[in-house]
Amino acid sequence: MQKFSRLGRLGQVTSKRQLATVSDAPLSRKVEMTNWEKGHYINYKKMSENLNIVRQRLNRPLTYAEKILYSHLDDPHGQEIERGKTYLKLRPDRVACQDATAQMAILQFMSAGMPSVATPTTVHCDHLIEAQVGGVKDLERANKVNKEVYDFLSTSCAKYNIGFWRPGSGIIHQIILENYAFPGALMIGTDSHTPNAGGLGMAAIGVGGADAVDVMADLPWELKAPKVIGVKLTGKMSGWTSPKDIILKVAGILTVKGGTGAIVEYHGPGTENLSCTGMGTICNMGAEIGATTSLFPFNDRMYDYLKATKRTAIGDFAREYAAELHEDEGAEYDQLVEINLDELEPHINGPFTPDLATPISKFKEAVKTNKWPEEVKVGLIGSCTNSSYEDMSRAASIAEDAMSHGIKAKALFTVTPGSEQIRATIERDGQLKTFEEFGGMVLANACGPCIGQWDRKDVKKGEPNTIISSYNRNFTGRNDANPATHAFVTSPDLVVAMTIAGTLNFNPLTDSLKDKDGNEFMLKPPTGEGLPTNGFDPGQDTYQAPPEDRSTVSVAVSPTSDRLQILEPFKPWDGKDALDMPILIKAQGKTTTDHISMAGPWLKYRGHLDNISNNMLIGAINSDNGEANKIKNILTGNYDAVPAVARDYKKNGIKWVVIGDWNYGEGSSREHAALEPRHLGGLAIITKSFARIHETNLKKQGMLPLVFSDPADYDKIQPADKVDLMCTELAVGKPMTLRVHPADGSKAFDVQLQHTFNEGQIEWFKNGSALNTMAKKHAS
């Protein structure tokens with residue numbers, strides 16, 4: 001482990017207030033978490049008490065990441081704590097959902113029988129707006145196409161006391177930074193770039209919908225205690241180098257897997273010179289190295305941002321708790337990376353992966369060596385990663401410089417404002433007009449091309465071409481569904497420079513351009529304020545607060561909808577052993593959550609369990625024939641699609657099991673992969689081993705995830721065999737018996753199965769699901 005001393009931290013103490021320690025600070029006073037809600041207070045007092053309990057137990061210096069997590073422990077006295085080993089039970093301060101993932105999360109919450117969410121929650125409409133012709137018209141079209149989804153989210157948020165940000169309000173992560181993030185807080189969000197809020201000193205972690213439902217319904221949230229990777233920043237950036245270059249460099253060092261199971265914690269004197277939104281950019285793209293989250297210690301730049309976004313009271317309160325809003329002196333990191341910002345060059349990462357990092361000085365050479373398409377077809381700035389006032393101001397300064405020499409964008413150019421507040425402010429201050437004069441198209445305040453919501457027309461599918469963006473992710477086909485598109489990610493500054501040049505063979509630090517008269521000139525380094533001098537313009541009001549009286553609100557779901565469906569509670573266990581069950585499929589090899597519940601065109605059915613169940617296990621390989629989505633129906637003797645056979649069994653009252661291989665259910669944490677087998681009549685998934693999140697998700701839906709005591713038993717069972725499962729044996733720490741009746745008529749044999757159910761989870765099985773258990777508790 002690497003030790004880091006806080007001695008010599010620059011600019012740390014700028015006023016006497018910052019010298020206040022936790023012991024003499026009035027931490028019990030009431031400060032609202034956000035200006036949009038009443039009665040939700042920042043609980044620094046409880047956090048401080050929890051931390052003191054843990055400090056006495058661990059007796060060692062703590063990293064900032066540890067301080068946030070341990071101050072949110074459900075049981076600070078009894079919780080086992082070992083980084084990278086134990087599972088922490090935590091109580092987050094907030095939950096945030098984007099519109100695509102919120103649908104199933106809210107549908108599940110509704111079946112818990114609670115009148116209101118137990119933890120402050122917001123829903124943000126940003127994922128369903130496709131970029132075609134420009135912001136206003138694209139938003140109008142999205143409102144029509146997605147009307148029933150938006151109506152459902154609007155009415156369900158009103159009913160269950162959830163804040164609702166309407167389409168056009170902006171991207172979830174920008175809205176959170178502007179309105180909800182605060183130093184020392186813990187938040188979970190149903191989107192992988194939730195860590196953006198680390199720019200305001202918050203541990204913000206991306207999760208699946210099932211985890212969000214737990215926290216909304218007052219259950220503790222479970223997280224494997226992360227390791228902590230320290231990134232020490234020294235020096236100061238200048239010229240063409242921007243905060244984005246820090247994470248581009250880190251991604252090159254750690255790779256797409258290097259942050260897995262860890263929180264990346266930035267520290268050192270170099271952090272003092274970064275803007276709050278710049279720190280947000282760095283934390284946002286930390287998702288691309290697999291990090292649990294990333295965060296920065298509280299500093300004056302965060303205070304300035306809180307003040308600019310009308311949250312001075314939170315900034316003052318954070319200063320009173322400041323002793324716990326950074327790492328302890330001597331805190332140990334599991335890995336340490338050091339970056340000198342004086343020497344950091346601008347970087348361009350890609351194509352096809354966000355960790356292929358090339359400094360600008362070596363980029364032309366890389367283009368030539370790899371034969372990447374040189375012409376830049378489209379430059380795209382904005383997205384949740386880089387759409388701050390500072391980003392837009394710096395980018396506009398470069399565009400103005402070019403236009404003062406009589407030239408504009410050579411490539412197509414798009415601008416995605418991160419929020420309505422940013423759009424309105426850059427409209428007032430002139431940057432928006434600059435972009436439009438430069439040749440840019442201003443898109444809706446939404447995710448747009450960054451997540452593939454882009455109806456691109458300028459190239460044919462399959463045609464090799466280059467685009468360059470200030471986004472975070474550039475995997476094959478992600479932006480435009482064209483696998484031949486070479487997508488590069490960089491700072492907004494370099495995107496604009498490359499868009500002016502129209503080629504990747506341009507380095508603005510060393511190369512000149514020709515003005516309208518053919519004279520050579522060099523672009524000036526970008527300039528731009530971190531925060532607007534005249535304050536932010538909030539723009540149009542796009543927030544819907546829950547009404548005072550929620551009792552009369554009815555949730556809008558049409559019974560004929562093909563996109564939304566109210567969930568019916570699953571039936572409780574009948575108290576008996578399950579006999580004579582067929583094996584729906586014996587899956588062979590890798591079976592990820594994508595194999596179990598594919599994404600792509602199925603995403604439109606995320607809110608309709610019956611419709612999305614038509615993709616259940618269609619990607620799994622059948623050991624019987626080595627094919628996907630072709631299994632034998634024991635009732636007819638014919639081969640058919642997996643969901644069709646499962647539906648036939650369910651119609652005839654026949655329960656079934658799945659037999660799986662190693663690490664069954666790895667991949668994203670999508671809860672549909674557990675909901676679908678339960679919905680179509682499955683009882684148990686029996687495997688060599690499980691990916692942990694999927695195993696827990698199956699338990700939550702009232703299914704039995706079971707593991708062979710002897711993995712060799714997987715080979716003894718054939719797809720056509722029938723099985724009996726002794727459900728009455730289910731008890732904590734005790735094995736269960738599976739009796740196998742071979743299809744060839746040979747003698748039945750028993751197989752021993754293990755499980756990880758605890759007492760509470762056994763109740764979930766007995767009651768039919770975790771949500772049924774909650775509903776039962778609230779009804780009593």
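The values are calculated or read from the model by the stated rules, or taken from the named source; none is laboratory data. All figures in this text were calculated on a predicted structure; none of them were measured in a lab. Every residue, glycine as well, gets a Cβ built from its backbone with ideal geometry; the counts of neighbours run over all protein chains shown. When the accessible area is computed, the model is the full protein with side chains, heavy atoms only, and any ligands, DNA or RNA have been set aside. Shrake-Rupley method; radii C 1.70, N 1.55, O 1.52, S 1.80 Å.
Compute the relative contact order of region 638-778 as a whole-number percentage, counting only Cα pairs closer than 8 Å that sit 6 or more residues apart in sequence.
20 percent
Taking amide H positions as placed in the peptide plane 1.01 Å from N, state which residues far from E327 in sequence (5 or more) or on other chains have amide H under 5 Å from it.
Result for E327 returns Y64.
Probe 1.4 Å, all protein chains in place: accessible area of L139 in Å², nearest 10?
40 Å²
Please give me the summed charge of the neighbours of P492: other residues whose Cβ is under 11 Å from its Cβ, Lys and Arg +1, Asp and Glu -1.
Residues close to P492 contribute a combined charge of -1.
Quickly estimate the mean residue ellipticity at 222 nm for the chain, helices only: each DSSP H run with n ≥ 4 gives -39500 (n - 2.57), and the total goes over all residues, rounded to 500.
Here the helix-only value at 222 nm equals -8500 deg cm²/dmol.
Can you give the local net charge around G184? Use residues other than it whose beta-carbon is closer than 10 angstrom to its beta-carbon, Lys and Arg +1, Asp and Glu -1.
Combined, the nearby Lys, Arg, Asp and Glu give -1.
Expressed as a whole number of Å, what is the distance separating the alpha-carbon centroids of region 535-555 and region 27-51?
23 Å
At D750 and E32, where each label point lies 7 Å from the Cα along Cα→Cβ, what is the point-to-point distance in nanometres?
Placing both labels 7 Å along Cα→Cβ, they lie 6.4 nm apart.
Might you report the magnitude of the Cβ-based charge dipole of region 491-615 about its Cα centre, with Lys and Arg at +1 and Asp and Glu at -1, to the nearest 20 debye?
480 debye
For region 99-125 and region 685-711, what is the centre-to-centre distance using only Cα atoms, to the nearest Å?
Using only Cα atoms to place each centre, the spacing works out to 26 Å.
Under Stokes-Einstein, with the Kirkwood radius over Cα pairs standing in for Rh, what whole-number D in µm²/s applies to region 604-674 at 25 °C and 0.890 mPa s?
Calculated translational D: 183 µm²/s.
Place +1 on the Cβ of every Lys and Arg and -1 on the Cβ of every Asp and Glu in the chain, take the dipole about the Cα centre, and give the residue among V459, T592, A779 whose Cα lies farthest towards its positive end.
A779
Provide the FRET efficiency to the nearest 0.05 for the R57-E548 pair, computing r from the beta carbons and using R0 = 45 Å.
0.55
How far apart, in nm, are two points set 7 Å out from the Cα along the Cα-to-Cβ line at Y639 and at S561?
Distance between label points: 3.8 nm.
Find, among the GluC sites (Glu not before Pro) in region 515-570, those assigned to loop by DSSP (not H, G, I, E, B) with at most 11 other beta-carbon atoms within 10 angstrom.
Listed in order of number, the matching sites are E548.
At 1.4 Å probe size, with every protein chain present, just tell me what the per residue accessible area of the chain comes to in Å².
Ligands and nucleic acids excluded, the result is 37 Å² per residue.
With charges set only on the Cβ (+1 for Lys and Arg, -1 for Asp and Glu), what does the dipole of region 593-664 come to about its Cα centre, in debye to the nearest 20?
300 debye
Roughly what angle does helix 243-254 make with the longest principal axis of the chain, taking Cα atoms, 0 to 90 degrees, to the nearest 10?
Relative to the chain, helix 243-254 is tipped by roughly 50 degrees.
Roughly how tilted is helix 642-651, in degrees to the nearest 10 and between 0 and 90, from the longest Cα axis of the chain?
50 degrees
About its Cα centre, what dipole magnitude does the chain give when the only charges are +1 on Lys and Arg Cβ and -1 on Asp and Glu Cβ, stated in debye to the nearest 20?
My answer is approximately 700 debye.
Over the chain, what is the percentage of antiparallel beta bridges among all DSSP beta bridges, to the nearest 5?
40 percent
Could you pull out every one of the aspartates and glutamates with an alpha carbon less than 20 Å from that of K590, ignoring same-chain neighbours closer than 8 positions?
Within reach: D624, E627, D661, E666, E671, E676, E695, D710, D713, D715.
Want the number for T476 to K457: 0.36 nm per residue separation, take away the alpha-carbon distance, what's left?
Contour length minus the Cα-Cα distance gives 5.1 nm.
Given a Förster distance of 41 angstrom, what is the FRET efficiency for S116 paired with E140, based on the Cβ-Cβ distance and rounded to 0.05?
Taking R0 as 41 Å, the efficiency between S116 and E140 is 0.80.
So which lysines pass the test for K461, namely a Cα distance under 20 Å, with those fewer than 8 places away in the same chain ruled out?
Here the lysines satisfying the reach criterion relative to K461 are K371, K377.
In terms of Cα to Cα distance under 26 Å, which lysines are near enough to K307, apart from those fewer than 8 places away along the same chain?
K16, K30, K38, K45, K46, K67, K236, K244
Along the positive direction of the dipole of the chain (beta-carbon charges: Lys, Arg +1; Asp, Glu -1; about the Cα centre), which of A331, V642, A620 reaches farthest?
About the Cα centre, the residue reaching furthest to the positive side is V642.
Return a whole-number percent for the relative contact order of region 111-221, with Cα pairs under 8 Å and 6 or more residues apart as the contact set.
28 percent
Specify the inter-centroid distance of region 272-310 and region 193-250, based on alpha-carbon positions, in whole Å.
Using only Cα atoms to place each centre, the spacing works out to 9 Å.
Need one number for region 179-328: average projected area of the convex hull over its C-alpha atoms, nm².
9.3 nm²
Just to confirm the filter: which trypsin sites (Lys or Arg not before Pro) across region 448-513 are DSSP coil and have at most 12 other Cβ within 10 angstrom of their Cβ?
For trypsin sites (Lys or Arg not before Pro) across region 448-513 that sit outside H, G, I, E and B with at most 12 neighbouring Cβ atoms in 10 Å, the list reads K457, K460, K461.
Shape verdict for region 316-419, please, from the Cα gyration tensor: rounded (a/c under 1.5), prolate (a/b greater than b/c) or oblate.
Oblate, since a/c reaches 1.5 and b/c is not below a/b.
Of the listed peptides 600-607, 51-58, 120-127, what is their order by residue-averaged count of other C-beta atoms within 10 Å, with the highest listed first?
Per-residue mean Cβ counts within 10 Å order the peptides as 120-127, 600-607, 51-58.
With a Förster radius of 45 Å, plug the Cβ-Cβ distance of E329 and K368 into 1/(1 + (r/R0)^6) and report the FRET value to the nearest 0.05.
Taking R0 as 45 Å, the efficiency between E329 and K368 is 0.40.
Determine the sum of side-chain charges near K716: Lys and Arg each +1, Asp and Glu each -1, restricted to other residues whose C-beta is under 12 angstrom from that of K716.
-4
How high is the relative contact order of the chain, in percent, counting Cα pairs under 8 Å that sit 6 or more residues apart?
13 percent
May I ask you to give the percent of accessible area on the chain that is carbon plus sulfur, with a probe radius of 1.4 Å?
Percent of accessible area from carbon and sulfur atoms in the chain: 50.
Which residue, T687, P711, V740, has the largest displacement toward the positive end of the dipole of region 659-764 when charges sit on each Cβ (Lys, Arg +1; Asp, Glu -1)?
T687
Any chance you could give the angle, 0 to 90 degrees and rounded to 10, that helix 770-779 forms with the longest Cα principal axis of the chain?
The helix 770-779 is inclined about 90 degrees to the chain.
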